[in-house]
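The values are calculated or read from the model by the stated rules, or taken from the named source; none is laboratory data. No experiment lies behind these values; they were computed from the predicted model shown. Here Cβ is always computed from backbone atoms with ideal geometry, including for glycine, and neighbour counts include all displayed protein chains. To get the accessible areas, we keep the full protein, side chains included, count just its heavy atoms, and leave off ligands, DNA and RNA. Shrake-Rupley method; radii C 1.70, N 1.55, O 1.52, S 1.80 Å.
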Amino acid sequence: MNLKVYAPDDFPSYLPKLNALYDDLFSHGKGFRAKLIQKISDHLEVSSQAVHLMAQTIEFIHNASLLHDDLIDRSPLRREKTAAWLKYTPEYAVLAGDYLLARVMVNLSRHGNLLLIQYTAEIISDLLEGEWIQDSLIEDWDVSLTQLDRVHDLKTASLFKWCIRAPFIAANDNRPELHRCLDEMGSLLGLLFQRSDDLLDFDIRNYEGKAILGDLQSGYMNSFATFLARDMTEQQKAKFRDCKTKHEVYQVFGEEKFFAKLEQFDEHNKKVIHLFDHHCDQLSAMLKESERGLVADLKQLPGVLYWRKV
């Protein structure tokens, strides 16, 4: 199936600014989460209509969160383009994000799967709670990985949980033990993705050439920054906060020590990958023979999400 989750007529023609904003910023995105939903659904008994609905749902929720995040963080760029709040005003960025979330609930209610509607509402609530908590951590230079993991589970992992659980809900497979396993797997995937994304801020495996040190300069200690700061002196922490380039970060630690810490961070996250693999094996035991091919697909995800392998 050729998965195209957005078409120009998805939004009313009498909302030209919304159409322009969405087409400008999001119509050419990678759609990774939508593709993940399709990949999982291919192994289950899910109609093409339901797959399209789920793919569009996750893209709308994700893009709504980006519109709001960019405004809250005052990020000037999104996917190498001027962020919506700068190009179309903050008010339009908020309205566009709110509209996408509203459309999600309208579209799902028309489909009529009450469990899917309820679960989606919970995920949207989790996203917003995570944003509130993350905002409270700005300028908290002593934040812990445990605190950040909570934020990442609410914000980042919630979408991965939805991607792997929603197709089973659409297939009317609602076994509690199955969904507990899927939920844990989504949490681990979100954690891996976020920690990898935090490494991009320090130009690690930054194959897309994203801007670096944006988190640090905005006063946010991401997971790798927090890991680096574990054994810093107060003097080093003060210098670290003011870093604006990779070279300045290396000067604080010494380049050799910096990369030694990176290796430790990778080893730390390999344990998360091993745990994910363990859950994959548990999942396999719960599936029909015809469905077990999806476990092989899921086992590839840590390579893509953490190691950034294409």
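Measuring r between the beta carbons of Gln264 and Lys30 and using R0 = 30 Å, the FRET efficiency lands at 0.50.
Which whole-number value in Å² is the accessible area per residue of the stretch 151-272, probe 1.4 Å?
Working: 5060 Å² over 122 residues.
Heavy-atom accessible area per residue stands at 41 Å².
What percentage of the solvent-accessible surface of the stretch 159-246, computed with a 1.4 Å probe over protein heavy atoms, is contributed by carbon and sulfur atoms? That fraction is 46 percent.
Using a simple spin-label model with pseudo-atoms 7 Å out from Cα toward Cβ, Arg79 and His274 lie 3.8 nm apart.
Exposed loop sites here are GluC sites (Glu not before Pro) assigned a DSSP state other than H, G, I, E or B and surrounded by at most 10 other beta carbons within 10 Å; excluding them, the longest clear run of the chain is 81-207. Quick one: helix 16-25 against the long Cα principal axis of the chain, what's the angle to the nearest 10°, folded into 0 to 90? Tilt of helix 16-25: around 60 degrees.
For percent of Cα pairs over 35 Å apart, one of (1) 22; (2) 32; (3) 12 was computed from the structure I shared and the rest are decoys. Which label? The listed entry that was calculated here is (1).
Our note on the geometry: Cα centres of the stretch 166-219 and the stretch 3-76, 17 Å apart. Placing unit charges on the Cβ atoms of the charged side chains and taking the dipole of the stretch 189-283 about its Cα centre, the candidate lying farthest along the positive direction among Phe265, Leu283, Tyr220 is Tyr220.
Atom-type composition of the exposed protein surface of the stretch 40-89 places 49 percent of the accessible area on carbon and sulfur (1.4 angstrom probe). As a calculated quantity, the FRET efficiency between Ala121 and Ala238 at R0 = 45 Å, using C-beta atoms, amounts to about 0.55. The modelled label-to-label distance between Met286 and Glu255, using points 7 Å beyond Cα along the C-beta direction, is 4.8 nm. With the alpha-carbon atoms of the stretch 153-298 aligned to their principal axes, the span from lowest to highest coordinate is 56, 28, 25 Å, starting with the largest.
Straight-distance candidates among the lysines for linking to Lys87, with alpha-carbon spacing under 22 Å and chain neighbours fewer than 8 residues away dropped: Lys17, Lys30, Lys210.
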